[in-house]
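Notes to accompany the following structure.
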Amino acid sequence: MQTNKKFEIRGINHLALVCRDMKKTVDFYSGVLGMPLVKTIELPQNSGQHFFFDIGKGDQLAFFWFPDAPEKVPGVTNAESLVGHGSITSAHASMNHVAFDVPVEKIAEYQEKLAAAGVEVTPVIFHDDSENQASLTDTDSTFVRSIYFQDPDGILLEFAASTRAFTEGDVSCEPVSVD
């Protein structure tokens with residue numbers, strides 16, 4: 001594993017997203033996904049709320065609710081579809097999805113739990129080094145097993161389980177530049 005030699009970054013303190021309905025967000029993240037709600041803030045001058053959920057290892061997922069926030073625009077502000085069900089493209093500077101690290105042996109169980117809770121969830125996706133970068137079966141080059149689903153606002157979420165450590169050989173293409 002490579003280490004950051006410039007800054008001592010220890011992980012994600014929190015990722016802050018924006019929701020349309022804080023109650024539905026709390027019901028989904030605490031009720032369906034079991035994430036404890038650990039901090040709630042009423043923003044000054046009735047300008048909204050900011051809530052934090054514990055996602056493990058000292059990391060948090062936070063949500064703002066703003067009464068005057070513009071509506072989402074699927075395909076611009078967020079991915080339009082679940083993986084394998086249509087386009088997952090989103091605009092520059094948007095957040096495409098949040099991947100939660102889960103144990104590899106729990107992927108199928110978690111898929112069933114989500115479906116039982118009424119959440120639309122993908123089949124298990126085996127991310128690999130094949131031409132399509134994913135398969136519905138495990139391959140020799142699989143590096144992550146995932147399932148994808150959406151929260152009440154259409155935010156694309158992933159339960160991801162790494163199946164191997166990355167090596168120097170995993171950095172194999174040059175970055176694209178448009179300038």
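Nothing in this text is a laboratory measurement; each read-out follows from the coordinates by a stated rule. Quick caveat: nothing in here was measured; it's all calculated off a predicted structure. Cβ sites come from the backbone with ideal geometry, for glycine too, and all protein chains shown count toward neighbours.
With contacts defined as alpha carbon pairs under 8 Å and 6 or more residues apart, what's the relative contact order of the stretch 1-67 in percent?
About 36 percent, as a whole number.
By how many degrees, between 0 and 90 and to the nearest 10, does the Cα long axis of helix 107-116 differ from the longest principal axis of the chain?
It is inclined by approximately 40 degrees.
Contact order normalised by length for the chain, with contacts defined as Cα pairs under 8 Å and 6 or more residues apart; what percent is it? It would help to have the intermediate numbers written out before the result.
Values: 298 pairs, mean separation 30.4, N = 179.
Reported as a whole number, the value is 17 percent.
Loop-only check: which GluC sites (Glu not before Pro) in the stretch 91-160 are DSSP coil with at most 12 other Cβ within 10 angstrom?
When the GluC sites (Glu not before Pro) of the stretch 91-160 are filtered for loop state and at most 12 Cβ neighbours within 10 Å, 120, 131 remain.
Return the sequence-ordered ³J(HN,Hα) values of the stretch 47-53 in whole Hz as given by the Karplus equation 6.51 cos²θ - 1.76 cosθ + 1.60 applied to θ = phi - 60°, using x for Gly and Pro.
Each residue's phi maps through the Karplus curve to give 8, x, 9, 9, 10, 10, 10 Hz.
Just want the ordering: 121, 73, from fewest to most Cβ atoms lying within 10 Å of their own Cβ.
73, 121
Return the long-range amide H neighbours of residue 79 (sequence gap of 5 or more, or a different chain), with a cut-off of under 5 Å between placed amide H atoms.
Residues meeting the amide H criterion: 156.
Determine the relative contact order of the stretch 74-179: mean sequence separation of Cα pairs under 8 Å and six or more apart, normalised by residue count, in whole percent.
The value is 26 percent.
How do 80, 42 line up, fewest other C-beta atoms within 10 Å first? Please list the in-between numbers first.
Working: 80 16, 42 10.
Ranking 80, 42 by Cβ neighbours within 10 Å, fewest first, gives 42, 80.
Can you list residues from other chains, or at least 5 along the same chain, whose modelled amide H is less than 5 Å from the amide H of residue 100?
158, 159, 160
Among bridges DSSP assigns within the stretch 78-168, what percent are antiparallel (round to 5)? It would help to have the intermediate numbers written out before the result.
Values: 13 of 18 bridges.
That works out to approximately 70 percent antiparallel.
Assuming a ≥ b ≥ c are the square roots of the Cα gyration tensor eigenvalues, decide whether the stretch 79-145 counts as rounded (a/c under 1.5), prolate (otherwise, with a/b larger than b/c) or oblate.
Verdict is oblate for the stretch 79-145.
So what's Rg/Rh here for the chain, counting alpha carbon atoms and using the Kirkwood radius for Rh? Write down the numbers at each step before the final one.
On the way: Rg = 17.7 Å, Rh = 18.2 Å.
Reported Rg/Rh, Kirkwood definition of Rh: 0.98.
Which value at 222 nm does the chain reach when only helices count, each DSSP H run of 4 or more adding -39,500 (n - 2.57), with the total divided by all residues and rounded to the nearest 500 deg cm²/dmol?
Working: 2 runs with 15 residues, N = 179.
Calculated from helices alone, the mean residue ellipticity at 222 nm is -2000 deg cm²/dmol.
Under the rule of at least 5 residues apart or a separate chain, name every residue whose amide H is placed under 5 Å from the amide H of residue 48.
43
List 110, 148 from most exposed to least, where exposure is judged by having the fewest other Cβ atoms within 10 Å.
Going from least to most buried by this count: 110, 148.
Taking only pairs that are 8 or more places apart or on different chains, how many Lys pairs in the chain have Cα atoms under 21 angstrom apart?
7
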